[in-house]
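First the structure, in the form of structure tokens, and then the observations on it.
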Amino acid sequence: MNRLVLWNVDLTLVDVTIVTREAYADAFRMVTGRPLVKLAPAMGRPDSEIVFETLAVNGIAVEDHHLPKFLDALQVSFAAKRKRLAAEGRAMPGAKDALKAVSRLDGVIQSVLTGTIRSNAVHKLTAFKLDKTIDFEVGGYGEEVYPKATLLQVAQGRAKERYGGAFTSANTVLIGDSTRDVQAARIGGAAMIAVASGRSTAAELREAGADIVLPDLSNASEVVAAVARLTGR
């Protein structure tokens, strides 16, 4: 195995914003006993960071126990709503075909590098049958309190341990939709395919340093060609 492709989840592969927000509101109430007034924006950040800011902007004095309790509550709340994902969310255009097409490349491992906690990432992809070619054991997730660039290196280490061989900027590619994803790739050591399907524009993604910018994933052949080019060095 000599290619590692790491996918961001939200607004790259799926959009389940409504269910995610409701899960956060339920988790907030479970942890604090108060209704959620304001949810901190995601902007490509991990759940751990969103939790801290959400507590703060709602006037909660954050203590050490808050993060693990909130993430546990978020897992429970999201799992309870998982059957609504397919009805109230959507797979992003071309996501299923792109995943399947990339899986046919020689020596490829596909996993996720996401701000979402692992259990919820699995629910999100499974709801739209996008999980078939993903090795979740190799991925990096939102409950791991690392900067995303460091989490990318953690995922590379997991891939090496599981499959052997080294995974570096020469054979690792991150596919995501935010400028934070681009920054993580640049710092962490991966090539970057950015898709302008989220809240960052194509111009912003290029300016941040993405190697290739696509409008979305709807052209699977284009996605495969980009991955092959960036991981074939």
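The values are calculated or read from the model by the stated rules, or taken from the named source; none is laboratory data. Not measured: the values here are computed from a predicted model. Note: ideal-geometry Cβ built from the backbone for every residue, glycine included; neighbour counts use all protein chains shown. These accessible areas exclude ligands, DNA and RNA; they are computed on the full protein's heavy atoms, side chains included. Shrake-Rupley method; radii C 1.70, N 1.55, O 1.52, S 1.80 Å.
Here are the numbers:
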| quantity | calculated |
| --- | --- |
| Approximate spin-label separation GLU207-VAL145, in nm, with each point projected 7 Å along Cα-to-Cβ | 3.3 |
| Calculated from backbone phi, Karplus (6.51, -1.76, 1.60) coupling profile of the stretch 4-20 in Hz, x at Gly/Pro | 10, 10, 10, 9, 5, 9, 6, 6, 9, 9, 9, 10, 10, 4, 5, 5, 4 |
| Accessible area per residue in Å² at 1.4 Å probe, computed on the chain | 44 |
| Modelled FRET efficiency - R0 30 Å, ASP64 with ILE187, Cβ distances, 0.05 increments | 0.65 |
| Per principal axis, descending, Cα span of the stretch 1-107 in whole Å | 50, 32, 21 |
| ARG199-LYS100 pseudo-label distance in nm [points 7 Å out on the Cα-to-Cβ vector] | 3.2 |
| Structure-based [θ]222 nm, the chain - -39500 (n - 2.57) summed over DSSP H runs of at least 4, per residue, nearest 500 | -14500 deg cm²/dmol |
| Residue-wise HN-Hα coupling along the stretch 139-155, computed from phi with Karplus coefficients 6.51, -1.76, 1.60 (Hz; x: Gly, Pro) | x, x, 9, x, 7, 8, 7, 10, x, 4, 5, 5, 4, 4, 5, 4, 4 |
| Prolate/oblate/rounded call for the stretch 124-220, Cα gyration tensor, a/c under 1.5 rounded | oblate |
| R0 of 25 Å, Cβ-Cβ distance ALA170-LYS129: FRET efficiency to nearest 0.05 | 0.20 |
| Carbon and sulfur %, accessible surface of the chain computed with the full protein complex present, 1.4 Å | 51 |
| Among the listed pairs LYS83/LYS132; LYS124/LYS160; LYS96/LYS160, those beyond 21 Å (Cα-Cα) | LYS124/LYS160; LYS96/LYS160 |
| Calculated SAXS-style log₁₀ I(q)/I(0) at q = 0.12, 0.18, 0.24 Å⁻¹ - the stretch 56-165, Debye, Cα scatterers | -0.52, -1.04, -1.36 |
| Computed lengthening from ALA228 to MET30, 0.36 nm per intervening residue step minus Cα-Cα distance | 66.7 nm |
